[in-house]
1. Would you mind finding the one in 112, 108 that is out of contact with any Lys or Arg (no Cβ under 8 Å at 6 or more places or on another chain) and within 15 Å of the ligand (Cβ to nearest atom)?
2. Of all residues in segment 30-57, which are away from the ligand (no atom under 15 Å from the Cβ), over 11 Å from residue 4 (Cα atoms) and surrounded by 18 or more Cβ atoms within 10 Å (Cβ to Cβ)?
3. Pull up segment 225-235, narrow it to residues that are in a helix (DSSP H, G or I) and away from the ligand (no atom under 12 Å from the Cβ), then point me to the one that is surrounded by the fewest Cβ atoms within 10 Å (Cβ to Cβ).
4. Determine if segment 100-111 includes at least one residue that is of a type outside the set (Lys, Arg), surrounded by 23 or more Cβ atoms within 10 Å (Cβ to Cβ) and assigned to a helix (DSSP H, G or I).
5. Answer yes if at least one residue in segment 158-166 is closer than 22 Å to residue 230 by Cα, in contact (Cβ under 8 Å) with a residue 12 or more places away in the chain and within 18 Å of the chain's Cα centre (by Cα), and no otherwise.
6. Tell me which residues, restricted to segment 151-201, are surrounded by 13 or more Cβ atoms within 10 Å (Cβ to Cβ), polar (S, T, N, Q) and within 15 Å of the ligand (Cβ to nearest atom).
7. Quick check on segment 124-139. Is at least one of its residues assigned to a loop (DSSP other than H, G, I, E, B), surrounded by fewer than 17 Cβ atoms within 10 Å (Cβ to Cβ) and under 18 Å from the mean Cα position of the chain (by Cα)?
8. For residue 238, all conditions in the list (1) within 15 Å of the ligand (Cβ to nearest atom); (2) assigned to a loop (DSSP other than H, G, I, E, B) hold save one; what is the number of the exception?
Amino acid sequence: MCLVDDANDRTAALIRDNWQRVRAHVAEVAEQVGRAPESVKIIGVSKYVGPKLTLQLAQAGCSHLGENRPQALWQKAQWNTEARADSWVQWHMIGHLQRNKIRRTLPLIARLHSLDSLRLAQAMQAEGSKLERPLPVLLELNVTRDESKTGMGISAVRELLDRAGDLDSITIDGFMAMSTHQASAAEARREFCRVREARDQFAQEYPNLDLRELSMGMSGDYREAIMEGATMVRVGTSLWKGVLPG
Ligand SMILES: *Cc1c(COP(=O)(O)O)cnc(C)c1O
């Protein structure tokens, strides 16, 4: 693996500082808009680094970790188990999950952020019935009609939510979204606003579902996302400042 993974005292200190800075900033933005700091969970995205630096981030206090590729998540989860950190680290799968990777991934994760098709939901249903409890999942929503973006449009979401009752091995409790690449802060905020409005609309249409969670915002736009109601932000780059080359 060619990811940065030279863990030492210097990287531990840098990562701790980064974590504390991001955490303080997230709390500050939340308070600015009248929200409790605890209402925003920070998912530390570890895809840029190897397992040792990932563990240093967890040891700095970031116990929710996100990966966008299943194989990397498997590897790090295994490493965490060997380092006896698995009891307090929670893994979030934030990227596309291929159906042939469901079996190995589901037992390792606390949440899937990126459910992006009915087919995947049905395959997870079949596999997930072996889990002790339903897996919390978010639907990845694309409100921009940007073909290059991942995620489901409004009608695909509706088709899936219509069947949510049959999918009892997963619990759909909200949405995940990404802003358009290189969007300005104002554009990102508008897109996050549309995601929240879509969620509010779905919550009305499906009163039996509890769609409280909104996973939106990354290093460049978590501020805008929190202002628009994000309950989870997925932060990578800002947490690895000084650790990654360049
Ligand atoms: C990489 C990634 C992030 C983190 O992005 P940064 O800009 O590095 O903070 C968040 N969400 C997803 C789905 C990602 O793939």
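1. On the way: 108 fails: within 15 Å of the ligand (Cβ to nearest atom).
So the residue among 112, 108 that is out of contact with any Lys or Arg (no Cβ under 8 Å at 6 or more places or on another chain) and within 15 Å of the ligand (Cβ to nearest atom) is 112.
2. Our first condition is that a residue be away from the ligand (no atom under 15 Å from the Cβ); within segment 30-57, this holds for 30-39, 50-52, 55-56.
Next, from what is left, pick out any that are over 11 Å from residue 4 (Cα atoms): 30-39, 55-56.
30, 55, 56, listed by residue number.
3. Here the answer is 227.
4. The answer is no; no qualifying residue exists.
5. no
6. Listed by number, the residues that qualify are 179, 180.
7. Within segment 124-139 (the criterion being assigned to a loop (DSSP other than H, G, I, E, B), surrounded by fewer than 17 Cβ atoms within 10 Å (Cβ to Cβ) and under 18 Å from the mean Cα position of the chain (by Cα)), the answer is yes, since at least one residue qualifies.
8. In the conditions (1) within 15 Å of the ligand (Cβ to nearest atom); (2) assigned to a loop (DSSP other than H, G, I, E, B), residue 238 misses (2) alone.
The numbers here are math on the coordinates, done by the rules we state, and not lab data. Owing to the predicted nature of the structure, the values given are computational and were not obtained by experimental measurement. As a convention, Cβ positions derive from the backbone with ideal geometry for all residues, glycine included, and neighbour counts pool all protein chains shown.
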